[in-house]
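The values are calculated or read from the model by the stated rules, or taken from the named source; none is laboratory data. Not measured: the values here are computed from a predicted model. In this analysis, Cβ positions are derived from the backbone assuming ideal geometry, glycine residues included, and neighbour counts consider all displayed protein chains. Surface areas here come from the heavy atoms of the whole protein model, side chains and all, with no ligands, DNA or RNA. Shrake-Rupley method; radii C 1.70, N 1.55, O 1.52, S 1.80 Å.
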Amino acid sequence: MKYLNLKIEEINKLLKEKKITPTILVEEAFANIENNKELNAYITLNKEEALKQAKELENKEVDNILFGLPIALKDNIITKDLRTTCASHILDNFIPIYNATVVEKLKSKNMIIIGKTNMDEFAMGSSSRTSYFGAPRNPWNKEKISGGSSGGSATTIAARDVLFALGSDTGGSIRQPASYTGIVGMKPTYGRVSRYGLVAFASSLDQIGPMTKNVYENAVLLNAIVGKDDKDLTSAKKEDEDFTRFIGKDIKGLKIAVPNFFMSDIVNIEIINKVKDTIKVLENNGAKVDYVDIKYIDKAMTLYQIIAMGEASSNLARFDGIRYGHSKENPENIEDVYYGTRAEGFGEEVKRRIMVGSYLLSGENAKTYYNKALSIRDDMRKELTNIFKDYDLIIGPTTTTTAYNLTDPMDDPKKSFMDDVLVIPVNMAGLPGLNIPIGFDSNHMPIGMQIIANAFEEAKIYHLASFIEKELSLKLDPKGGEHNE
């Protein structure tokens with residue numbers, strides 16, 4: 001029997017009754033990964049240590065719903081004694097000496113880390129094709145991308161290798177691949193989850209979040225990883241709450257806004273139509289839905305390019321070949337160490353972003369570009385926050401298209417950013433956003449819808465997402481049926 005196809009409540013019951021063991025679950029996860037190895041979802045597996053931990057847990061009491069369950073981590077989350085590469089040659093031999101805060105939180109629940117998932121190099125990209133280790137593939141169609149930068153985490157969940165994965169989201173990097181692969185992906189409020197131990201791309205935008213096959217399991221995993229962390233100065237102090245508390249309740253009376261920009265001709269018509277069909281379902285069940293204009297969200301992509309690249313150039317300055325990671329062999333002098341290491345270690349997309357970011361932060365450019373972008377970003381945040389004075393949630397398409405071919409050209413930076421044009425405003429404003437699958441296009445590729453809430457109101461998102469999930473009842477296993485028609 002495939003136990004990892006069951007709901008977590010059922011698995012938990014079997015574990016409590018000693019009918020199965022964590023070892024059985026871990027062995028099943030690794031068998032799944034082996035069977036799906038052509039998907040290239042993983043960079044590093046943790047097989048020996050995972051089986052050892054599973055064996056040790058057999059003598060412990062099952063004290064929480066996540067006990068003994070395997071989980072995959074995006075390879076930019078630091079794991080002690082387990083290789084962490086950020087999908088880059090410059091870190092392909094890096095073994096950390098400490099754990100990220102989220103890893104410690106998972107271990108406190110006795111979850112078992114089975115491996116590190118593939119991604120865009122240093123999380124820079126929208127297709128995971130900038131990975132030094134090659135791109136992960138989409139389980140729905142292996143010739144298509146799984147999205148980025150958390151492409152490997154999306155792939156392993158969509159392929160049903162494991163129940164849980166963590167990704168990171170700087171400009172849509174959880175929600176976009178979740179949409180392309182037909183899974184649930186949450187980008188929490190900025191500061192909700194500690195960034196300590198997340199290798200930084202753009203520090204004011206990055207956020208770790210859960211990726212799962214359904215809404216309830218996503219909320220349960222978020223419960224486990226949130227909380228104030230003194231090691232992260234941007235970590236928010238919030239009271240504990242149960243993110244599952246509104247799941248299953250009706251939506252009568254909910255007020256929902258749909259930005260006109262999200263439904264414009266930048267979005268494929270098949271996606272627009274699926275979102276409209278979902279809106280009808282919501283209205284038929286008592287929700288009030290209005291189309292609204294929101295200032296500045298059409299500028300989010302430009303702001304992202306300035307802010308993210310500037311912060312990336314600063315953050316990646318630490319990779320110099322001196323302290324850790326790849327270092328050029330037989331350098332002529334110290335300048336050659338720096339130049340040679342970075343030239344050999346970084347991929348083309350990372351180099352491009354470093355160069356542009358360095359220009360944006362140099363001299364007067366910092367005032368002209370970066371500081372101005374921060375000012376407009378604050379205006380955008382205020383505009384979005386004002387919407388929540390009148391509405392509970394914002395919805396719209398997650399992506400402008402469904403997943404495209406792995407062979408499509410990568411030499412158009414604007415195309416890469418357009419992949420994320422709908423999701424970037426959430427990061428700019430530090431708001432929570434979630435992708436929920438809502439159907440399929442004519443090629444049977446998944447279509448996602450984004451649900452956005454005011455800061456620290458993730459429970460409201462799960463409320464609506466769980467209702468949509470139940471109403472649509474999509475068949476979302478690539479091997480078990482493509483769609484609900």
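If one puts a single equal scatterer on every Cα of region 340-456 and applies the Debye formula without solvent, what log₁₀ I(q)/I(0) results at q = 0.09, 0.21 Å⁻¹? With one equal scatterer per Cα and no solvent, log10 I(q)/I(0) is -0.38, -1.19.
Distances between placed amide hydrogens fall under 5 Å for Lys144 paired with Asn138, Leu406, all partners being 5 or more residues away or on another chain.
Each of Tyr42, Tyr296 has its accessible area taken with a 1.4 Å probe; listed largest first, they run Tyr296, Tyr42. Give me the percent of the accessible area of the chain that comes from carbon and sulfur atoms, probe 1.4 Å, all protein chains in place. Here it works out to 48 percent. Expressed to the nearest 5 percent, the antiparallel share of DSSP beta bridges inside the chain is 65 percent. Relative contact order of region 23-112: 29 percent, from C-alpha pairs under 8 Å at least 6 residues apart in sequence. Measuring with a 1.4 angstrom probe and ignoring ligands and nucleic acids, Lys231 comes out at about 130 Å² accessible.
Close Lys pairs in region 70-181, defined as Cα atoms under 14 Å apart and 8 or more places apart or on different chains, number 4. Separation of region 36-99 from region 286-335 is 25 Å, based on Cα centroids. Remark: accessible surface ordering of Arg245, Arg192, Arg352 (largest first) is Arg245, Arg352, Arg192, probe radius 1.4 Å. Here is how the number arises for the chain: DSSP H runs of 4 or more residues each give -39500 (n - 2.57), the sum is divided by the residue count, and the result at 222 nm is -10500 deg cm²/dmol.
Charge dipole of the chain (Cα centre as origin; +1 on each Lys and Arg Cβ, -1 on each Asp and Glu Cβ, all else neutral): 740 debye, rounded to the nearest 20. Counting only protein heavy atoms and using a 1.4 Å probe, the accessible area of Lys60 comes to about 100 Å².
The GluC sites (Glu not before Pro) of region 199-280 meeting both criteria, a DSSP state outside H, G, I, E and B (loop) and at most 10 other C-beta atoms within 10 angstrom of the site's C-beta, are Glu239. Partners of Lys60 within straight-line reach, counting aspartates and glutamates whose Cα lies under 19 Å from its Cα and excluding those fewer than 8 residues away in the same chain: Glu9, Glu10, Glu17, Glu27, Glu49, Glu104. Summary value for region 172-311: 21 percent relative contact order, contacts being C-alpha pairs under 8 angstrom separated by 6+ residues. Each Lys and Arg Cβ is given +1 and each Asp and Glu Cβ -1; about its Cα centre, region 121-271 then shows a dipole of about 180 debye.
For the chain, relative contact order (Cα pairs under 8 Å, six or more residues apart, normalised by length) works out to 17 percent. Summarising the strand pairing of region 164-241, around 100 percent of its internal DSSP beta bridges are antiparallel.
Take His444: with every protein chain present and a 1.4 Å probe, its accessible area is about 80 Å².
Taking the solvent-accessible surface of protein heavy atoms with a 1.4 Å probe, what is the per residue accessible area of region 75-204 in Å²?
19
Region 247-277 to region 351-374: how many Å between their Cα centroids? What the calculation gives is 35 Å, centre to centre. Among [x] 31, 30, 21; [y] 37, 26, 20; [z] 43, 23, 20, which one is semi-axes √(5λ) of the Cα gyration tensor in Å computed from these coordinates? Calculated semi-axes √(5λ) of the Cα gyration tensor in Å: the matching label is [x].
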